[in-house]
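Student: Structure in structure tokens, see below.
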Amino acid sequence: MDVHDPHDLLWLYHLGLVVMAVWTAATVVVLLRLVAPYGRHTRAGWGPTVPARIGWIVFEAPAVFLFGALLLASDRAAEAAPLALAALWLVHYVHRDLVWPFRMRSGSRPMPVVIVATAFAFQIVNSGLNALWIGHLAVYPADWLADPRFVLGAALFAIGFAVNVHADHVLFTLRAPGETGYKIPRGGLYRWISCPNYLGELIAWSGFALAAWSLAGLAFAIYTAANLVPRAIAHHRWYRHTFADYPPGRRALLPGLL
Ligand code: NDP
């Protein structure tokens, strides 16, 4: 394989898309049978664990460092469209990998190594694919930043990111230092749904897919839905089962709908 040959890169990109499709299908099949064993759904039988903070930093690292390295290796990285798309991606992932884990309370449940390893492998494919497209394969028109797809997508991304960060902030402030239990989150979108952090994530990556107008972005948005819709339903069931006074009108993910 010659990394300077566009045909080889395109072949690699298509292979990555196939891997994403298979991974997403496998995720749907697995999550129809079980809830991913981390956070409140952690249970015995999933092998050794690491502190959740370490787990998140490790498995999200490719989204910052691999993605960043592939962009830096590109001749087009300084062009407006790749730069703007990379900025959206990196705002989210620098926060997720290098800020968010340090806001997490020490009471967070330990994470099985198998989850860390699986998510790390996924993030290599996902970040590699999106960086390959944005930095090396896509040819965006000079006025792409004024294109309605970019404008609407970037706006959705910003809204989703804000919703996600606010919702996670509410969760982090529920535990006093040293506390380990769970409480009912309130305020903001929690008035209507149990998992506004997941809703924000879904809006952000749908927006990114639109702004990048790429199969790589679309594949990640679909994977995010395959992962987070079942988890939101599991969280919602868990809240209702755990708290007798859980707000009865609250839904899992979409106000009034789901
Ligand atoms: P959760 O909402 O399950 O937990 C987030 C943090 O808040 C954890 O530290 C958790 O502690 C704590 N927490 C959650 N609920 C409560 C509560 N009721 N009381 C006290 N503390 C609480 O989110 P995830 O860990 O699943 O996801 C974290 C972030 O990563 C989210 O922003 C999510 O959108 C994103 N994500 C994105 C994915 C994608 O495919 N793009 C996939 C998975 C997550 P504890 O760990 O002890 O439960």
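Student: Within segment 47-105, how many residues turn out to be under 20 Å from PHE122 (Cβ atoms), in a loop (DSSP other than H, G, I, E, B) and of a type outside the set (Gly, Ala, Ser)?
Tutor: Count: 1.
Student: Condition first: crowded, with 19+ Cβ neighbours inside 10 Å, outside any loop (DSSP other than H, G, I, E, B) and touching a helix residue (DSSP H, G or I) at 6+ places or on another chain (Cβ under 9 Å). Can you find one or more residues in segment 138-145 that meet it?
Tutor: yes
Student: If a residue has to be assigned to a helix (DSSP H, G or I), within 14 Å of the ligand (Cβ to nearest atom) and either at pLDDT below 95 or out of contact with any Asp or Glu (no Cβ under 9 Å at 6 or more places or on another chain) (or both) to count, how many in segment 106-120 make the cut?
Tutor: Here is the first cut: in segment 106-120, the ones assigned to a helix (DSSP H, G or I) are 113-120.
From what is left, the residues that are within 14 Å of the ligand (Cβ to nearest atom) are 115-116, 118-120.
Add one more test, that the residue is either at pLDDT below 95 or out of contact with any Asp or Glu (no Cβ under 9 Å at 6 or more places or on another chain) (or both), and what stays is 115-116, 118.
Adding up the residues that qualify gives 3.
Student: Does VAL116 satisfy the condition of being surrounded by 15 or more Cβ atoms within 10 Å (Cβ to Cβ) and either under 22 Å from PHE161 (Cβ atoms) or touching a residue at least 24 places away in the same chain (Cβ under 8 Å) (or both)?
Tutor: Values: surrounded by 15 or more Cβ atoms within 10 Å (Cβ to Cβ): yes; either under 22 Å from PHE161 (Cβ atoms) or touching a residue at least 24 places away in the same chain (Cβ under 8 Å) (or both): yes.
Answer is yes for this residue.
Student: Which ones in segment 158-188 are within 13 Å of the ligand (Cβ to nearest atom) and within 17 Å of GLY207 (Cβ to Cβ)?
Tutor: Within segment 158-188, GLY160, PHE161, ALA162, VAL163, ASN164, VAL165, HIS166, ALA167 meet the criteria.
Student: Within the bounds of segment 134-144, is there any residue that is within 30 Å of ALA73 (Cα to Cα) and within 15 Å of the ligand (Cβ to nearest atom)? Working first, answer last.
Tutor: Applying the first criterion (within 30 Å of ALA73 (Cα to Cα)) to segment 134-144 yields 134-144.
Applying the additional criterion that residues be within 15 Å of the ligand (Cβ to nearest atom) yields none.
Looking through segment 134-144, none of the residues is within 30 Å of ALA73 (Cα to Cα) and within 15 Å of the ligand (Cβ to nearest atom).
The values are calculated or read from the model by the stated rules, or taken from the named source; none is laboratory data. No experiment lies behind these values; they were computed from the predicted model shown. All Cβ positions, glycine included, derive from the backbone under ideal geometry; neighbour counts span all protein chains shown.
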